[in-house]
Amino acid sequence: MVDAASSRLKPEFARKLREWRKGRGWRQCDLSWKVDLSPAYIGQIERCQVPPPANEFIVGMAEALNVSPDIALAAAGRVADDVAEIIGRHPLEMTRLVRAVGNLDLLDSQGRDQITHLADSLEATVRASG
């Protein structure tokens, strides 16, 4: 039986965090100083012994490591707080949109192009109405 804590572990985030940190030439204590987390805790995250921290700390680590916060949050299996808020304001519409997008094959270029086109169109509509 899998316990709740181990089901929240995110090996992808652990691996990426270590990769990003080492890519900057930083030790765990260098990162910990920047984000106000202990080096031991950073080590536990990187060894996938604990789940990723709260979003605010993931965003802080991403910014310190010069990584897109959205990429870091995605590696942790999360979305940015503003995205969650948007989904919460329009749950039915966002559920429909996410399910439609989920049916595209995002591994092929046509699927990625469709998503990019949709996002560009929506952003242009927002800019024009604003």
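Just so it is clear, none of the values below were taken in a lab; they were calculated from the coordinates. Since we're looking at a predicted model, the values are computed, not measured. Neighbour counts run over all protein chains shown; Cβ positions are idealised from the backbone, glycine included.
Within the range 81-93, can you find the residues that are assigned to a helix (DSSP H, G or I) and out of contact with any Lys or Arg (no Cβ under 9 Å at 6 or more places or on another chain)?
Result: 81, 82, 83, 85, 86, 87, 88, 89, 91, 92, 93.
Matching residues to (1) aliphatic (A, V, I, L, M); (2) surrounded by 11 or more Cβ atoms within 10 Å (Cβ to Cβ):
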site	(1), (2)
84	yes, yes
87	yes, yes
96	no, yes
105	no, no
115	yes, yes
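Being among the basic types (Lys, Arg) and not in a helix (DSSP H, G or I) is true for just one of 78, 96. Which residue is that? First the steps, then the outcome.
Numbers: 96 fails: not in a helix (DSSP H, G or I).
Sole residue among the options that is among the basic types (Lys, Arg) and not in a helix (DSSP H, G or I): 78.
Would you call residue 24 in contact (Cβ under 8 Å) with a residue 24 or more places away in the chain and over 18 Å from the mean Cα position of the chain (by Cα)?
Working: in contact (Cβ under 8 Å) with a residue 24 or more places away in the chain: yes; over 18 Å from the mean Cα position of the chain (by Cα): yes.
Yes; evaluated as a whole, the condition is true for this residue.
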